[in-house]
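See below for the structure under consideration.
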Amino acid sequence: MSIVEIEQLTFSYARAMKPVIQELSLVVEQGEIVGIVGSSGNGKSTLLRLIAGLEAPDSGVIRINGVQVNGAHTFVQPEHRGVGMVSQDYALFPHMNVRSNIAFGLHKQSRKERAQRVAELLELIRMEGFEDRYPHELSGGQQQRVALARTMAPRPNVVLMDEPFSSLDAELKHSIRRELRDIVKAAQMTCLFVTHDQADVEAMSDRYIRLCKPQLVTL
Ligand SMILES: Nc1ncnc2c1ncn2[C@@H]1O[C@H](COP(=O)(O)OP(=O)(O)OP(=O)(O)O)[C@@H](O)[C@H]1O
Ligand SMILES: [Mg+2]
(Lines give C-alpha, C1' and ligand atoms only; values in the text may rest on other atoms or scores of the structure.)
(Ligands and ions follow the chains in the order given, each with its own letter.)
Protein backbone atom coordinates (compact mmCIF):
# COMPACT_ATOMS: atom_id res chain seq x y z
CA MET A 1 0.00 0.00 0.00
CA SER A 2 1.24 3.51 -0.83
CA ILE A 3 1.61 5.77 2.20
CA VAL A 4 2.84 8.88 0.42
CA GLU A 5 1.86 9.63 -3.17
CA ILE A 6 3.07 12.80 -4.81
CA GLU A 7 1.98 13.73 -8.31
CA GLN A 8 3.37 16.57 -10.40
CA LEU A 9 4.16 18.73 -7.39
CA THR A 10 5.28 22.29 -8.09
CA PHE A 11 6.12 24.88 -5.49
CA SER A 12 7.80 28.29 -5.41
CA TYR A 13 8.29 30.50 -2.36
CA ALA A 14 7.11 33.56 -4.31
CA ARG A 15 5.30 34.01 -7.60
CA ALA A 16 8.19 35.88 -9.12
CA MET A 17 10.71 33.21 -8.18
CA LYS A 18 11.60 30.05 -10.06
CA PRO A 19 9.98 26.95 -8.57
CA VAL A 20 12.06 25.16 -5.93
CA ILE A 21 10.13 21.96 -6.65
CA GLN A 22 9.00 21.36 -10.21
CA GLU A 23 6.64 18.60 -11.35
CA LEU A 24 7.97 16.16 -8.81
CA SER A 25 6.35 12.73 -8.53
CA LEU A 26 7.16 10.15 -5.89
CA VAL A 27 5.48 7.14 -4.29
CA VAL A 28 6.54 5.69 -0.94
CA GLU A 29 5.16 2.31 0.06
CA GLN A 30 4.20 1.18 3.56
CA GLY A 31 7.32 0.26 5.56
CA GLU A 32 9.79 1.75 3.11
CA ILE A 33 12.72 3.93 4.12
CA VAL A 34 13.45 6.38 1.34
CA GLY A 35 16.38 8.80 1.30
CA ILE A 36 16.32 12.18 -0.38
CA VAL A 37 19.74 13.47 -1.41
CA GLY A 38 20.84 16.58 -3.24
CA SER A 39 23.05 19.61 -2.90
CA SER A 40 22.32 22.48 -0.58
CA GLY A 41 19.42 24.59 -1.80
CA ASN A 42 17.92 21.92 -4.03
CA GLY A 43 14.65 21.82 -2.13
CA LYS A 44 15.06 18.81 0.17
CA SER A 45 13.72 20.52 3.30
CA THR A 46 11.05 22.23 1.21
CA LEU A 47 9.78 18.84 0.03
CA LEU A 48 9.44 17.62 3.62
CA ARG A 49 7.67 20.88 4.58
CA LEU A 50 5.17 20.36 1.74
CA ILE A 51 4.43 16.80 2.87
CA ALA A 52 4.06 17.92 6.49
CA GLY A 53 1.72 20.74 5.48
CA LEU A 54 3.99 23.59 6.53
CA GLU A 55 3.84 24.92 2.95
CA ALA A 56 1.08 24.68 0.33
CA PRO A 57 2.03 23.66 -3.24
CA ASP A 58 1.27 25.78 -6.32
CA SER A 59 0.00 22.69 -8.12
CA GLY A 60 0.06 18.93 -7.90
CA VAL A 61 -1.36 16.46 -5.45
CA ILE A 62 -0.11 14.91 -2.21
CA ARG A 63 -1.91 11.90 -0.75
CA ILE A 64 -1.07 10.50 2.65
CA ASN A 65 -2.42 7.07 3.46
CA GLY A 66 -4.79 7.44 0.50
CA VAL A 67 -6.19 10.81 1.60
CA GLN A 68 -5.59 13.87 -0.55
CA VAL A 69 -4.19 16.56 1.75
CA ASN A 70 -4.01 19.49 -0.66
CA GLY A 71 -5.77 20.78 -3.73
CA ALA A 72 -7.82 23.70 -5.00
CA HIS A 73 -10.35 23.34 -2.18
CA THR A 74 -8.52 21.08 0.22
CA PHE A 75 -5.83 21.69 2.77
CA VAL A 76 -5.45 19.25 5.60
CA GLN A 77 -3.73 20.96 8.53
CA PRO A 78 -0.33 19.58 9.62
CA GLU A 79 -1.67 18.13 12.88
CA HIS A 80 -4.29 16.12 10.99
CA ARG A 81 -1.96 14.55 8.44
CA GLY A 82 -0.53 11.83 10.65
CA VAL A 83 2.96 12.99 9.75
CA GLY A 84 5.76 12.94 12.32
CA MET A 85 8.84 15.10 11.90
CA VAL A 86 12.24 14.70 13.56
CA SER A 87 14.11 17.94 13.31
CA GLN A 88 17.83 18.31 12.87
CA ASP A 89 18.45 19.47 16.43
CA TYR A 90 16.05 16.84 17.90
CA ALA A 91 14.15 19.63 19.71
CA LEU A 92 13.66 17.58 22.87
CA PHE A 93 12.02 19.58 25.65
CA PRO A 94 14.93 20.32 28.00
CA HIS A 95 12.74 20.64 31.12
CA MET A 96 11.06 17.26 30.54
CA ASN A 97 12.54 13.87 31.26
CA VAL A 98 12.75 11.08 28.69
CA ARG A 99 9.37 9.63 29.72
CA SER A 100 7.55 12.96 29.32
CA ASN A 101 9.31 13.73 26.06
CA ILE A 102 8.22 10.42 24.54
CA ALA A 103 4.67 10.75 25.93
CA PHE A 104 4.29 14.31 24.65
CA GLY A 105 2.10 13.46 21.63
CA LEU A 106 -0.05 10.96 23.51
CA HIS A 107 -2.34 13.39 25.36
CA LYS A 108 -5.49 11.79 23.93
CA GLN A 109 -4.72 8.44 25.50
CA SER A 110 -5.39 7.24 29.02
CA ARG A 111 -2.59 7.29 31.56
CA LYS A 112 -2.30 3.51 31.33
CA GLU A 113 -2.10 3.46 27.52
CA ARG A 114 0.48 6.24 27.62
CA ALA A 115 2.68 4.37 30.09
CA GLN A 116 2.42 1.22 28.01
CA ARG A 117 3.37 2.96 24.77
CA VAL A 118 6.32 4.72 26.44
CA ALA A 119 7.57 1.38 27.80
CA GLU A 120 7.24 -0.18 24.34
CA LEU A 121 9.26 2.60 22.74
CA LEU A 122 11.93 2.58 25.44
CA GLU A 123 12.42 -1.09 24.71
CA LEU A 124 12.52 -0.44 20.97
CA ILE A 125 15.25 2.19 21.33
CA ARG A 126 16.98 0.08 23.98
CA MET A 127 16.83 2.79 26.63
CA GLU A 128 14.88 1.12 29.43
CA GLY A 129 16.01 2.66 32.70
CA PHE A 130 16.61 6.09 31.18
CA GLU A 131 13.04 7.36 31.65
CA ASP A 132 13.87 9.79 34.48
CA ARG A 133 16.89 11.35 32.77
CA TYR A 134 16.79 14.79 31.21
CA PRO A 135 18.02 15.47 27.66
CA HIS A 136 21.25 17.13 28.86
CA GLU A 137 22.10 13.90 30.70
CA LEU A 138 22.07 11.90 27.45
CA SER A 139 24.64 11.40 24.69
CA GLY A 140 23.94 12.75 21.20
CA GLY A 141 22.99 9.31 19.92
CA GLN A 142 20.65 8.72 22.87
CA GLN A 143 18.98 12.08 22.31
CA GLN A 144 18.55 11.16 18.67
CA ARG A 145 16.83 7.89 19.60
CA VAL A 146 14.54 9.61 22.12
CA ALA A 147 13.59 12.16 19.46
CA LEU A 148 12.72 9.33 17.09
CA ALA A 149 10.71 7.55 19.81
CA ARG A 150 8.77 10.74 20.56
CA THR A 151 7.93 11.14 16.88
CA MET A 152 6.90 7.50 16.49
CA ALA A 153 4.85 7.36 19.72
CA PRO A 154 1.49 8.48 18.23
CA ARG A 155 1.98 6.00 15.33
CA PRO A 156 2.18 8.49 12.47
CA ASN A 157 1.59 7.28 8.90
CA VAL A 158 5.04 8.49 7.98
CA VAL A 159 8.11 9.81 9.79
CA LEU A 160 10.04 12.62 8.13
CA MET A 161 13.63 13.31 9.16
CA ASP A 162 15.61 16.32 7.99
CA GLU A 163 19.38 15.71 8.21
CA PRO A 164 18.98 13.38 11.19
CA PHE A 165 22.72 12.87 11.61
CA SER A 166 24.05 16.35 11.13
CA SER A 167 24.85 17.08 14.77
CA LEU A 168 26.54 13.75 15.47
CA ASP A 169 30.27 13.13 15.17
CA ALA A 170 31.48 10.78 12.44
CA GLU A 171 31.86 7.71 14.63
CA LEU A 172 28.48 8.03 16.31
CA LYS A 173 26.85 8.73 12.99
CA HIS A 174 28.23 5.48 11.69
CA SER A 175 26.57 3.37 14.40
CA ILE A 176 23.32 5.34 14.73
CA ARG A 177 22.49 5.01 11.04
CA ARG A 178 22.08 1.26 11.35
CA GLU A 179 20.36 1.62 14.73
CA LEU A 180 17.78 4.03 13.40
CA ARG A 181 17.17 1.79 10.42
CA ASP A 182 16.60 -1.20 12.73
CA ILE A 183 14.25 0.80 14.98
CA VAL A 184 12.18 2.08 12.06
CA LYS A 185 12.03 -1.38 10.46
CA ALA A 186 11.10 -3.10 13.74
CA ALA A 187 8.19 -0.68 14.14
CA GLN A 188 7.21 -1.17 10.45
CA MET A 189 7.22 2.59 10.07
CA THR A 190 7.41 4.39 6.77
CA CYS A 191 10.19 6.96 6.67
CA LEU A 192 11.47 9.67 4.38
CA PHE A 193 14.75 11.27 5.34
CA VAL A 194 16.90 14.01 3.92
CA THR A 195 20.67 14.02 3.80
CA HIS A 196 23.47 15.51 1.76
CA ASP A 197 25.69 12.49 2.49
CA GLN A 198 25.62 9.58 0.06
CA ALA A 199 26.92 7.23 2.78
CA ASP A 200 23.82 7.95 4.90
CA VAL A 201 21.43 6.73 2.23
CA GLU A 202 23.50 3.66 1.53
CA ALA A 203 23.49 2.67 5.20
CA MET A 204 19.94 3.59 6.05
CA SER A 205 17.53 3.59 3.11
CA ASP A 206 15.87 0.95 0.95
CA ARG A 207 16.21 3.31 -2.00
CA TYR A 208 16.78 6.97 -2.58
CA ILE A 209 15.98 9.83 -4.89
CA ARG A 210 18.22 12.67 -5.87
CA LEU A 211 16.82 16.17 -6.06
CA CYS A 212 18.47 18.09 -8.82
CA LYS A 213 17.78 21.63 -9.72
CA PRO A 214 14.95 22.01 -10.55
CA GLN A 215 13.54 18.64 -11.57
CA LEU A 216 13.76 15.22 -10.05
CA VAL A 217 15.82 12.32 -11.31
CA THR A 218 14.94 8.98 -9.76
CA LEU A 219 17.79 6.52 -9.35
N1 LIG B 1 11.19 30.78 3.37
C2 LIG B 1 11.84 30.88 2.20
N3 LIG B 1 11.62 31.93 1.37
C4 LIG B 1 12.23 32.03 0.18
N5 LIG B 1 13.10 31.13 -0.29
C6 LIG B 1 13.37 30.06 0.49
C7 LIG B 1 12.77 29.89 1.76
N8 LIG B 1 13.22 28.73 2.29
C9 LIG B 1 14.08 28.23 1.39
N10 LIG B 1 14.18 29.02 0.30
C11 LIG B 1 14.99 28.76 -0.90
O12 LIG B 1 14.48 27.59 -1.54
C13 LIG B 1 15.54 26.77 -2.01
C14 LIG B 1 15.43 25.39 -1.39
O15 LIG B 1 15.65 25.46 0.00
P16 LIG B 1 15.67 24.17 0.94
O17 LIG B 1 15.82 24.63 2.32
O18 LIG B 1 14.50 23.31 0.61
O19 LIG B 1 16.99 23.45 0.41
P20 LIG B 1 17.75 22.17 0.98
O21 LIG B 1 17.91 21.23 -0.15
O22 LIG B 1 17.05 21.67 2.20
O23 LIG B 1 19.18 22.77 1.36
P24 LIG B 1 20.19 22.38 2.58
O25 LIG B 1 20.87 21.09 2.14
O26 LIG B 1 21.13 23.51 2.62
O27 LIG B 1 19.38 22.22 3.83
C28 LIG B 1 16.83 27.50 -1.66
O29 LIG B 1 17.28 28.17 -2.80
C30 LIG B 1 16.43 28.46 -0.56
O31 LIG B 1 17.21 29.63 -0.61
MG1 LIG C 1 17.56 21.56 4.23
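The values are calculated or read from the model by the stated rules, or taken from the named source; none is laboratory data. These numbers were taken from a predicted model, which means no experiment stands behind them. Please note: Cβ atoms are built from the backbone with ideal geometry, for glycine as well, and neighbour counts cover all protein chains shown. Accessible surface areas use protein heavy atoms only, side chains included; no ligands, DNA or RNA. Shrake-Rupley method; radii C 1.70, N 1.55, O 1.52, S 1.80 Å.
How much length is gained on full extension from residue 30 to residue 1, taking 0.36 nm per residue of separation minus their Cα-Cα distance? Please list the in-between numbers first.
Numbers: separation 29, 0.36 × 29 = 10.44 nm, distance 0.56 nm.
So the extension gain works out to 9.9 nm.
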### Summary
Of segment 136-164, those with amide N under 18 Å from the point 7 Å along the Cα→Cβ vector of residue 63 are 157-158
### Task
With a 1.4 Å probe and every protein chain kept in, tell me what percent of the accessible surface of the chain is carbon plus sulfur.
49
### Query
Using r as the Cβ-Cβ distance of residue 16 and residue 196, and R0 as 45 Å, what FRET efficiency do you calculate, to the nearest 0.05?
0.95
### Query
Number of Lys-Lys pairs in the chain under 29 Å by Cα, sequence gap 8 or more or different chains?
9
### Task
Keeping all protein chains in place, calculate the accessible area per residue for the chain (probe 1.4 angstrom), answer in Å².
50
### Query
How far is it, in nm, from the label point at residue 119 to the one at residue 174 when both lie 7 Å from their Cα along the line to the Cβ?
3.7
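Of all trypsin sites (Lys or Arg not before Pro) in segment 105-178, which ones are in loop regions per DSSP and have a Cβ with at most 16 other Cβ atoms within 10 Å?
Numbers: sites: 108, 111, 112, 114, 117, 126, 133, 145, 150, 173, 177, 178; in loops: 108, 126, 133.
Hits after loop and neighbour filter: 108, 126, 133.
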### Query
If you place +1 on the Cβ of every Lys and Arg and -1 on the Cβ of every Asp and Glu, how big does the dipole about the Cα centre of the chain come out, in debye to the nearest 20?
400
### Query
Residues in segment 163-206 near a label at residue 40, defined as backbone nitrogen under 15 Å from the 7 Å Cα→Cβ point?
163, 166-167, 195-197
### Query
So what is the orientation-averaged projected area of the chain, using the convex hull of its C-alpha atoms, in nm²?
12.2
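Quick check: residue separation of residue 72 and residue 88 times 0.36 nm, minus the Cα distance between them. What number comes out in nm? Write out the running numbers ahead of the final one.
Working: separation 16, 0.36 × 16 = 5.76 nm, distance 3.17 nm.
Between residue 72 and residue 88, full extension yields 2.6 nm more.
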### Query
With each label point set 7 Å from Cα along the Cα-Cβ vector, what nm distance links residue 56 and residue 186?
4.2
